[in-house]
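Report on the structure given below.
The numbers here are math on the coordinates, done by the rules we state, and not lab data. What you see is a predicted model, and the numbers here were worked out from it, not measured in a lab. Every residue, glycine among them, receives a Cβ derived from its backbone with ideal geometry; neighbour counts consider all protein chains shown.
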Amino acid sequence: MKIGTMIKYGNSADKTVSITEIERKFRELSECGIDNCQLCSWAPVLWTDENAEKINGFSEKYNVKISSFWCGWEGPMRWDFYEGQYSLGLVAPEYREMRIKNLCDGADFAKKLGVVDVATHMGFIPENPYDANFVPMCIAIRTVAEHLEKNGQFLLFETGQETPVTMLRCFETVGCDNLGVNLDTANLILYGKANPVDALDVFGKYVRAIHAKDGFYPTNGHDLGRQVRIGEGKVDFHGVLKGLHKLGYNGYVTIEHEIDGDNEKEAILAARDYLEKIIADVCGEK
C-alpha cells in the first residue's frame with residue numbers, strides 16, 4: 001500500500017486558485033518524501049486544458065503521482081443530518097442535472113491528467129429502496145458512470161452518508177461494472193452509519209481508494225461526529241488495513257486532514273509514520 005495525501009485545487013468558494021499555489025503543494029509533498037496524492041477540486045472553472053497540462057508538468061517534475069481525482073459539484077451544501085439530506089450530491093432533483101454535468105466534466109479533466117478513479121459524495125442515498133427518489137438517483141448515477149466508462153474510468157462513491165448495505169443496493173440497481181468505493185475510514189463513524197472494519201464485509205471487494213481519517217460518532221441527531229488526528233479516534237486502522245490486505249488491496253492510502261486550527265503538515269507527517277508501521281505489520285502477517 002502506498003501512503004499519500006490530498007491536494008486541494010479550488011473549493012466551492014475559491015474558484016481562482018493560482019497555479020503557482022498548486023505547484024507549491026506538489027513541491028512540498030516531494031520535499032516531505034510523499035510521492036502520491038489525490039487531487040480534490042470543487043471548482044469546474046479550473047478544469048481547463050491549460051491547467052491540466054501544467055498540473056501534469058508538476059506531477060512529473062516533482063515525481064508525485066495523482067492517484068485519483070475527487071470531483072466536487074456546484075450548488076448549496078450543508079454537512080449535517082438535516083439540510084444535508086436535501087442539498088448534497090445527486091439526491092436533490094433541482095441540482096441533479098447540473099451536478100451530472102459537473103461530474104462528467106470533472107471526469108474529462110481527470111482523463112487529461114491520466115487518472116482512472118474519480119470519486120465524489122453521492123449524497124444521502126435513500127435507505128428505503130421504495131423511496132420515490134431512490135430510482136431517479138440511481139438513473140442519474142448510471143448516466144455519470146456510463147460517461148466515465150467511455151473514458152475508461154471508475155466512479156467511486158465516498159463512504160459516509162449511507163449505510164454499507166444501501167451503497168451496495170445502489171450499485172446493484174445502477175448495474176454498471178465501473179463502480180467502486182472511496183473508503184473514508186472516519187466518515188462511516190462521523191455519520192454514525194457503520195464501523196469501517198465491519199463495512200468491508202459488505203463492500204470490501206469494491207474498494208479502489210482510501211481516505212485515512214479518524215474521528216468519533218455523533219453525539220446529537222443534527223451534527224456529524226468530530227474529526228480528530230489519525231490514531232486518536234474510533235477507527236481501528238489495523239483492522240481496516242488488515243481486512244483490505246486480505247482482500248488483495250494494494251492501492252493508495254490518502255491521508256485527509258480537515259481539522260481547523262491544527263498544524264496540517266505536522267499532522268500529515270505524524271499520520272504517515274503511524275500508518276507506515278501498521279502497513280508494515282499487516283503486510284508481514286501470515
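Helix-derived [θ] at 222 nm for the chain: sum -39500 (n - 2.57) over DSSP H runs of at least 4, divide by residue count, nearest 500? That comes out to -13000 deg cm²/dmol. I'd like the FRET efficiency for K150 and D260, computed as 1/(1 + (r/R0)^6) with the beta carbon distance as r and R0 of 41 Å, rounded to 0.05. So the FRET efficiency works out to roughly 0.55.
Filter the GluC sites (Glu not before Pro) in the stretch 139-239 down to the DSSP loop ones having no more than 12 other Cβ atoms within 10 Å, then list what survives.
Here the sparse-neighbourhood loop sites are E232.
Summarising the label geometry, the points placed 7 Å from Cα in the beta-carbon direction at V165 and N250 lie 3.5 nm from one another.
Report the relative contact order of the chain, percent, no decimals, based on alpha-carbon pairs under 8 angstrom and at least 6 residues apart. List each step's numbers first, then the result.
Details: 558 pairs, mean separation 46.5, N = 286.
Once divided by the residue count of the chain, the mean separation gives 16 percent.
Here the dipole of the stretch 2-284 is about 480 debye; that uses its Cα centre as origin and unit charges on the Cβ of Lys and Arg (positive) and Asp and Glu (negative). Extending 7 Å from Cα along the Cβ direction at S18 and again at K2 yields two label points whose distance is 3.0 nm.
Given 0.36 nm per residue, what is the gain on full extension from N63 to D131 after removing their alpha carbon distance, in nm?
Going from the current span to full extension adds 19.8 nm.
The ranking of S18, S67 from fewest to most other beta carbons within 10 Å of each one's beta carbon is S18, S67. Of (i) -0.71; (ii) -0.82; (iii) -0.61, which one was derived for log10 I(q)/I(0) by the Debye sum over Cα atoms at q = 0.11 Å⁻¹ from the structure shown? Working out log10 I(q)/I(0) by the Debye sum over Cα atoms at q = 0.11 Å⁻¹ from the coordinates points to (iii). Pairs spanning more than 31 Å between alpha-carbon atoms, out of K242/K265; K25/K111; K54/K242; K61/K193: K54/K242; K61/K193. Restriction of the chymotrypsin sites (Phe, Trp or Tyr not before Pro) in the stretch 109-189 to DSSP coil positions whose beta-carbon has at most 13 other beta-carbons within 10 angstrom yields Y130.
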